[in-house]
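Asks: Okay, here's the structure, questions in a sec.
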Amino acid sequence: MAEQVGYSQKVMEHFMNPHNVGVIENPDGYGKVGNPVCGDIMEIFIKVKDDVIEDIKFRTFGCGSAIATSSMVTDMARGKTLDEAMKITRDDVATELEGLPPRKMHCSNLAADALHSAIEDYRSKQKKE
Amino acid sequence: MEQRIYLDHAAAMPVHPGVARFCRQFPEGFAGNPSTLYQEGLEAQEAIFRAREKVAALIGANAPDSIIFTSGATESNNIAIRGTALRNQRAGKAVVLSAIEHISVLNPAKDLQKSGFVLTLVPVDRYGTIDLDALGAVTPETVVTSVHYANNEIGTIEPIREVAEIVHDRGGLLHVDATDAAGRIPIDVERDGIDLLTLSGNQLGGPDGVGALYIRPGVRVQPVLVGGGQERGLRPGTENVFGIACMGEAARLAGEEMPEESRRLRAIRDRLIAGITEIEEAYLTGHPTERLPHHASFRFSRIEGESIQLAMNMLGIAVATGSACTSRTLEASHVLLAIGLAHDEAHGSMIATLGRGNNVDQVPRIVEATRETVKRLRAITPL
């Protein structure tokens, strides 16, 4: 296969018109990953009802793939049970986006991590209650 | 569809139409190895000699022989740093650079550390101007000091004459990477006191794949590549006759058009800077006045540079960024960190370098596209 030039059409669509951007007030779960040194910071907010992700929003500081993966992972997770959402991997997100450039696979593909971190946050709160 | 606006001349310049016309003079059947004595070879020799004269004239070099042609600025910088340091190491094993040199100067210098050289990076202030007091780091053991004429990311022009005085007072040699400055501001190796000077053919409006290195007569340099004796043995291999001839013409035209063209670009630059710095939390990077006439560079709080480049591209505008995400190493720009920016600040940069295709009428569209891009990305940011 020829080396891909730049980003896929799908990445650019999600970059230009990201889905589920914003904040959920009083979220059931909140996850934040990344740091300013590497240049990508993502946060994900979830609302959970009957173990299903009913609403999900994100905010991201970062490059094109950081924004596109955030947008994609929120689409993928919405309506899924928490167990199903925990199974979404970085590779799944990249595949849904029709691939990412190789050097972006690691650094800017943190969206699944942010989702998992939001779910873990929800679960740890549940345990306390 | 609106016409695209190209604002990344520091990355790649379109070939000047006058250079293209000149290049077409070479008949298709043109061949001739300059090392030969038949007519075709002599014609090639002649073409290279003329190019040497033109390049020498652009930078005020008295002897055309002081110019050697290379494959580009990266090679010139490598010969200047490694070739000079290794040839003169009996005098000492120290190299001094400004902290914001191009990677093609920094990396050969870092590589010399493996051969026992001591490397010192001289800091710059928040505008990117070299700290002349800190140039005290230059000692009699310093065989080569390298300070660029102007920086490609922030446009700041360095006080080269003062640097040269300090270096020469300590008996050292000064190399100056003039890739971004040549053809844009007047350079005179005699007046400025420069011992070695790097030039890029493309940055003068010539083709890619050709560059030059000025070496002051008497300065001893050893080759990096070894082979035949071309270019005084410093750049072996059959000469890129076509590229060299075209670079020569580019140098001539750049020198001829510089006064008028730099005035024209400076006016566009100043309007662009005025317009873009009106955007909330948008700041000029680099020096406000001592900067290249074609160079406008900015940073925007709370957003990231690669996203800026992508979003501007969708609006039909090509800009550069010093963002880590666009670099092959994924590291934040050493230039922006050296001028004192924090990592998150260094990620949000946008660089516009102007050229022949730009005009004042484009400024409102560029400013509006920038405003829209910044607004769009700030709406997504968690910072």
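The values are calculated or read from the model by the stated rules, or taken from the named source; none is laboratory data. If you're wondering where the values come from, they're calculated on a predicted model, not measured in any experiment. Positions of Cβ are backbone-derived with ideal geometry, glycine not excepted, and every protein chain shown enters the neighbour counts. Calculation scope for accessible area: heavy atoms of the full protein, side chains included, ligands and nucleic acids excluded. Shrake-Rupley method; radii C 1.70, N 1.55, O 1.52, S 1.80 Å.
Asks: Give me a single rounded figure for A:32-40: the average over its residues of other chain Cβ atoms within 10 Å of their Cβ.
Replies: 5
Asks: Would you list which lysines come within 19 Å of residue B:110, measuring only between C-alpha atoms, while excluding same-chain residues fewer than 8 positions from it?
Replies: Those lysines meeting the cut-off are B:93.
Asks: For peptide B:331-339, compute the average count of partner chain beta-carbon atoms within 10 Å of each residue's beta-carbon.
Replies: Working: counts 3, 4, 0, 0, 0, 0, 0, 0, 0.
Per-residue shielding by partner chains comes out at 1.
Asks: Next up: Give the lysines whose C-alpha is closer than 16 Å to that of residue A:104, dropping any in the same chain fewer than 8 places away, or say none.
Replies: By straight Cα distance, residue A:104 reaches A:10.
Asks: Could you tell me which helices of chain B pass both thresholds, a Cα extent of 15 Å or more along their own axis and a mean Kyte-Doolittle hydropathy of at least -0.5, with helices taken as whole DSSP H runs? Let's see the in-between values first.
Replies: Working: long enough: B:39-58 (29 Å, -0.31); B:241-276 (44 Å, 0.04); B:363-378 (22 Å, -0.57).
TM-like helix candidates: B:39-58, B:241-276.
Asks: Something else about it: So how much accessible surface do B and A hide from each other in total, probe 1.4 Å, in square angstrom to the nearest 100?
Replies: Values: alone 16520 and 7130 Å², together 21670 Å².
Heavy-atom accessible area buried at this interface is about 2000 Å².
Asks: Hey, can you find the accessible area per residue of the range B:40-138 for me, probe 1.4 Å, expressed in square angstrom? Spell out each step's value before the answer.
Replies: Working: 4020 Å² over 99 residues.
Per-residue accessible area for the range B:40-138 comes out at 41 Å².
Asks: Kindly give the semi-axes, whole Å and largest first, of the ellipsoid equivalent to the range B:215-259, taking each as the square root of 5 times a Cα gyration tensor eigenvalue. Display every interim value, and only then the final one.
Replies: On the way: eigenvalues 138, 49, 8 Å².
They are 26, 16, 6 Å, listed from largest to smallest.
Asks: OK, next. Residues with beta-carbon under 14 Å from that of residue A:86, excluding residue A:86: net charge, scoring Lys, Arg +1 and Asp, Glu -1? Walk me through the intermediate numbers first.
Replies: Details: positive: A:80, A:87, A:90, A:123; negative: A:51, A:83, A:84, A:92, A:113, A:120, A:121.
Value of the local net charge: -3.
Asks: As an exercise, take the mean of 1/r over every pair of distinct alpha carbons in the range B:17-253, invert it, and state the Kirkwood radius in angstroms.
Replies: 18.0 Å
Asks: Residues of the range B:300-319 losing 30 Å² or more of accessible surface, assembly versus chain alone, probe 1.4 Å, please list them.
Replies: Those residues are B:304, B:306, B:307, B:310, B:314.
Asks: Let me confirm one metric for peptide B:376-383, namely the mean number of other chain beta-carbon atoms within 10 Å of its residues' beta-carbons.
Replies: Numbers: counts 3, 4, 1, 4, 13, 7, 12, 5.
Averaged over the peptide's residues, the number is 6.
Asks: Given R₀ = 25 Å, FRET efficiency for residue B:33-residue B:63 by Cβ-Cβ distance, to 0.05?
Replies: Numbers: r = 24 Å, r/R0 = 0.97.
So, using R0 = 25 Å, E works out to roughly 0.55.
Asks: Pop out the carbon and sulfur fraction of the accessible area of the range A:17-129 as a percent, whole number, probe 1.4 Å. The partial results should precede the final answer.
Replies: Numbers: 2470 of 5000 Å².
Here it works out to 49 percent.
Asks: If packing is taken as the average number of other Cβ atoms within 10 Å across a peptide's residues, how do B:298-310, B:61-73, A:61-73, A:93-105 rank, most packed first?
Replies: Per-residue Cβ counts within 10 Å, averaged per peptide and sorted highest first, yield A:61-73, B:298-310, B:61-73, A:93-105.
Asks: With N set to the number of residues, divide the alpha-carbon radius of gyration of the range A:1-41 by 2.2 N^0.38 Å and report two decimals. Before the final figure, lay out the partial values.
Replies: Details: Rg = 15.2 Å, N = 41, 2.2 N^0.38 = 9.0 Å.
Relative to the 2.2 N^0.38 Å estimate, the range A:1-41 comes out at 1.68.
Asks: Simple spin-label model, 7 Å along Cα-to-Cβ: residue A:86 to residue B:46 in nm?
Replies: Here the answer is 8.2 nm between the modelled labels.
Asks: Per residue and in cubic angstrom, what volume does the convex hull of the Cα atoms of the protein assembly as shown have? Working shown, then result.
Replies: On the way: hull volume 90.4 nm³, N = 512.
Spread over its residues, the Cα hull of the protein assembly as shown gives 177 Å³ apiece.
Asks: Normalise the Cα radius of gyration of the range B:1-141 by 2.2 N^0.38 Å (N = residues in it) and let me know the number.
Replies: Details: Rg = 20.6 Å, N = 141, 2.2 N^0.38 = 14.4 Å.
Computed over Cα atoms of the range B:1-141, the ratio equals 1.43.
Asks: Just need the Rg to Rh number for the range B:1-76, please, alpha carbons only, Kirkwood Rh.
Replies: Details: Rg = 16.4 Å, Rh = 15.3 Å.
Rounded to two decimals, Rg/Rh equals 1.07.
Asks: Roughly how many whole Å is it from the C-alpha centroid of the range B:156-190 to that of the range B:329-383?
Replies: Distance between centres, Cα-based: 29 Å.
Asks: Per residue, how big is the convex hull of chain A when only Cα atoms are used? Give it in Å³. Kindly include the intermediate steps, with their values, before the conclusion.
Replies: On the way: hull volume 12.9 nm³, N = 129.
Taking only Cα atoms, chain A has a hull volume of 100 Å³ per residue.
Asks: Here's something else I'd like to know. Restricting to the range B:17-253, compute how many DSSP beta bridges are antiparallel as a %, nearest 5. Mind dumping the intermediate values first?
Replies: Details: 11 of 26 bridges.
Percent antiparallel among DSSP bridges in the range B:17-253 is about 40.
Asks: Further question on the same structure: For the range B:169-230, what is the convex hull volume of its Cα atoms per residue in Å³? Before the final figure, lay out each step's value.
Replies: Working: hull volume 7.1 nm³, N = 62.
Normalising the Cα hull of the range B:169-230 by residue number yields 114 Å³.
Asks: Using the Cα atoms of the range A:36-89, I'd like the radius of gyration and the largest Cα-Cα distance, Dmax, both in angstrom.
Replies: Considering the range A:36-89 through its Cα atoms, Rg and Dmax are 12.0, 38 Å.
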